[in-house]
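Scroll down for the structure; my scribbles are underneath it.
The values are calculated or read from the model by the stated rules, or taken from the named source; none is laboratory data. A quick note: this is a predicted structure, and the numbers were derived from the prediction, not measured. Note: ideal-geometry Cβ built from the backbone for every residue, glycine included; neighbour counts use all protein chains shown. Areas reflect the complete protein model, heavy atoms only, side chains present, ligands, DNA and RNA absent. Shrake-Rupley method; radii C 1.70, N 1.55, O 1.52, S 1.80 Å.
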Amino acid sequence: MFDIPIKKIHDESRQGESFAPFSLDANKYEKKIYIESYGCQMNFADSEVVAAILNKEGFGSTRNVEEADLIFINTCSVREKAEQTVRKRLTEFRKIKNTRPGTLVGVLGCMAERLKSKFLEEEKLVDIVVGPDAYRSLPGLVEEASGGQRSVNVLLSREETYADISPVRLNSNGVGAFVSITRGCNNMCTFCVVPFTRGRERSRDHESITRECTELFENGYREVTLLGQNVDSYYYNPDSNSTDRAVNFAKLLEMVAKISPELRVRFSTSHPKDITDEVLYIMAAYENICKCIHLPVQSGSTRVLQLMNRTYTREWYMNKIDRIREILPDCSITSDIIAGFCSEDENDHQDTLSVMDYSKYDMSYMFIYSVRPGTLAERRYADDVPLEVKKRRLQEIIEKQNVLSLTSYQKDIGKTFKVLIDGDSKRSSEDWVGRNSQNQVVIFPKKNHDVKKGDYVLVKINDCTQATLFGEMVVLQELVKSN
Ligand code: SAH
Ligand code: SF4
Ligand code: F3S
């Protein structure tokens with residue numbers, strides 16, 4: 001029913017911002033919306049909820065901002081740069097509004113939540129401001145705004161999980177989809193704005209999660225990524241009088257894995273303090289739970305980790321790495337790292353580089369510390385590392401990661417992986433691109449093999465860069481012969 005663009009979505013909170021235009025079958029509808037999403041996977045998943053809510057009200061969508069009646073921008077506040085990008089886009093939307101006076105512009109997501117009605121004062125062209133927990137009120141707000149009244153709803157909720165809403169899959173290639181399992185965050189990392197923009201943590205009921213994943217599988221999807229700021233703290237108890245039926249993250253993971261061995265399960269993000277051995281053993285027990293853990297360290301210095309309120313030490317983190325390697329020897333580990341947090345000195349920085357060596361990350365998202373208004377770090381600590389020093393340290397971190405990635409990928413040469421085909425390679429329609437369980441990108445020639453997007457194939461790796469594996473498909477008979 002929907003024309004879904006084929007587009008590989010990266011975790012934008014970590015990669016700098018970009019947008020994902022989407023397209024329902026717009027021609028069927030009189031009113032059209034255009035939506036751009038920035039930020040993390042959760043924001044992209046939320047845009048799919050927004051599309052579903054407005055689709056019920058008769059809105060189709062368009063990739064062409066010029067023909068939209070409603071322009072939405074789903075925003076991120078995690079770093080200053082993310083907010084600057086949004087402001088720039090809003091200026092461009094102003095031009096469109098000037099040429100098409102009836103067009104409404106709405107700001108959704110974390111920046112809407114952070115700035116609230118201030119947005120309407122600062123950005124005169126914005127008609128609607130809606131925070132992440134208030135999307136159900138969009139139809140009413142759009143109606144008000146159509147009548148000329150600028151409207152805001154930024155109420156945060158302790159319960160909202162949008163559990164009953166079937167998202168319209170906008171950002172998907174038809175093979176993989178994101179499924180939110182928790183919203184909000186109860187941790188108070190001192191650098192982070194997310195607890196303020198997303199509110200208290202709450203877990204979505206497990207039945208609606210498994211139902212959504214089952215439906216995805218039945219519709220041909222072969223990979224689900226369970227999303228939360230801290231998936232390991234997932235906890236849903238349907239019975240307030242007893243904990244007998246309570247579901248934690250390990251149990252949820254198992255429930256989703258059992259839907260079908262043909263459905264891959266991924267998850268993000270894991271907080272080092274919360275990931276348990278129970279989760280690691282469930283991962284080991286199910287082949288279809290992907291062997292890849294995103295375990296952001298942020299810093300390798302215990303002193304800095306304390307200032308960040310990450311609640312673990314360097315040694316605790318390294319012990320977690322040991323446990324993962326023991327229980328899941330083939331697991332890839334990835335990380336987020338911040339350079340130049342308040343008071344970070346050269347020793348702290350060296351500690352970060354050495355924890356990277358210890359953890360042998362396959363990949364990391366690396367950032368310069370950016371002060372966020374209202375956070376504990378902003379109120380308590382001085383942002384005292386000069387920008388040039390932050391930049392130099394970030395550069396050293398990036399160089400270290402490049403070496404680690406290349407070493408890790410080189411080790412895969414000669415190995416054979418089960419790869420789920422995502423679609424045509426960007427480089428050439430003669431090649432497929434897919435990913436292995438470790439979430440490494442694998443490119444291989446199509447040749448005349450009778451396979452398609454969404455199929456699992458075996459690929460023997462013969463070359464690599466630091467971010468991509470290259471190989472050849474292995475036909476089963478050849479595999480039997482070579483063994
Ligand atoms: N819930 C996830 C992270 C969400 S934000 C977790 O706990 O890991 C994604 C990443 O952005 C963080 O891991 C952190 O590395 C980075 N980040 C968050 N706030 C930041 C800030 N103020 N400056 C620079 N990077 C930041
Ligand atoms: Fe932010 Fe920390 Fe929560 Fe992650 S765990 S969203 S970094 S407060
Ligand atoms: Fe950004 Fe909000 Fe996600 S601040 S990283 S979009 S939770």
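For the reader, a short list of remarks on this structure follows.
- Members of segment 360-417 that are surrounded by fewer than 17 Cβ atoms within 10 Å (Cβ to Cβ) and small (Gly, Ala, Ser): 374, 382, 414
- Residue in segment 52-69 that is outside the structural domain of residue 192 (by TED's automatic domain parsing), open to solvent by 10 Å² or more (accessible area, probe 1.4 Å), of a type in the set (Lys, Arg) and modelled with pLDDT of 90 or more present: yes
- Odd one out for residue 439, checked against (1) at pLDDT 95 or above; (2) part of a loop (DSSP other than H, G, I, E, B); (3) at negative phi: (3)
- Any hit, segment 410-422, residues being of a type in the set (Phe, Trp, Tyr), part of a loop (DSSP other than H, G, I, E, B) and within 27 Å of residue 296 (Cβ to Cβ): no
- Note on segment 365-417: residues that are out of contact with any Leu (no Cβ under 6 Å at 6 or more places or on another chain), in contact (Cβ under 8 Å) with a residue 12 or more places away in the chain and basic (Lys, Arg) amount to 6.
- Condition met for residue 429 (within 19 Å of residue 266 (Cβ to Cβ) and either open to solvent by 30 Å² or more (accessible area, probe 1.4 Å) or of a type in the set (Ser, Thr, Tyr) (or both)): no
- Close contacts from segment 226-245, counting a first residue that is outside the structural domain of residue 282 (by TED's automatic domain parsing) and a second that is open to solvent by less than 30 Å² (accessible area, probe 1.4 Å), with Cβ to Cβ under 8 Å and a gap of 6+ residues or different chains, come to none at all.
- The residues of segment 195-235 that are more than 16 Å from ligand 1 (Cβ to nearest atom), in contact with a Ser or Thr (Cβ under 8 Å, 6 or more places away or on another chain) and charged (D, E, K, R), listed by number, are 204, 205, 212, 215.
- Residues satisfying the stated conditions in segment 298-311, i.e. open to solvent by 10 Å² or more (accessible area, probe 1.4 Å) and under 24 Å from the mean Cα position of the chain (by Cα): 298, 309, 310, 311
- Test for residue 82: is it at pLDDT 95 or above and under 28 Å from residue 191 (Cα atoms): no
- Scanning segment 369-395 for residues that are outside any loop (DSSP other than H, G, I, E, B), within 13 Å of residue 189 (Cα to Cα) and within 12 Å of ligand 1 (Cβ to nearest atom) turns up 376, 377, 378.
- Restricting segment 254-279 to residues that are of a type in the set (A, V, I, L, M, F, W, C) and touching a strand residue (DSSP E or B) at 6+ places or on another chain (Cβ under 6 Å), the residue that is nearest to residue 325 (Cα to Cα): 267
- Filter result for residue 168 (hydrophobic (A, V, I, L, M, F, W, C) and not assigned by TED's automatic domain parsing to the domain that holds residue 308): yes
- Tabulated pairs, segment 96-112, first open to solvent by 10 Å² or more (accessible area, probe 1.4 Å), second of a type in the set (Gly, Ala, Ser), C-beta under 7 angstrom, 6+ apart or interchain: 104/145; 104/146; 110/39; 110/77
- Qualifying residue in segment 324-340 (condition: over 15 Å from residue 271 (Cα atoms), over 26 Å from the mean Cα position of the chain (by Cα) and either more than 16 Å from ligand 1 (Cβ to nearest atom) or not acidic (Asp, Glu) (or both)): yes
- Restricting segment 70-84 to residues that are polar (S, T, N, Q) and surrounded by 20 or more Cβ atoms within 10 Å (Cβ to Cβ), the residue that is farthest from residue 150 (Cα to Cα) is 77.
- In segment 314-329, the count of residues that are within 23 Å of residue 368 (Cβ to Cβ), open to solvent by less than 10 Å² (accessible area, probe 1.4 Å) and in contact (Cβ under 8 Å) with a residue 60 or more places away in the chain is zero.
- Among the residues of segment 439-452, those that are within 27 Å of the chain's Cα centre (by Cα), open to solvent by 30 Å² or more (accessible area, probe 1.4 Å) and not hydrophobic (A, V, I, L, M, F, W, C) comprise 439, 452.
- For the residues 222, 202, the requirement of being of a type outside the set (S, T, N, Q) and under 30 Å from residue 307 (Cα atoms) singles out 202.
- Looking only at segment 171-186, and only at residues there that are assigned to a loop (DSSP other than H, G, I, E, B) and within 16 Å of ligand 3 (Cβ to nearest atom), the one that is surrounded by the fewest Cβ atoms within 10 Å (Cβ to Cβ): 186
- Enumeration of residues in segment 130-158 that are touching a Lys or Arg at 6+ places or on another chain (Cβ under 7 Å) and at pLDDT 95 or above: 132
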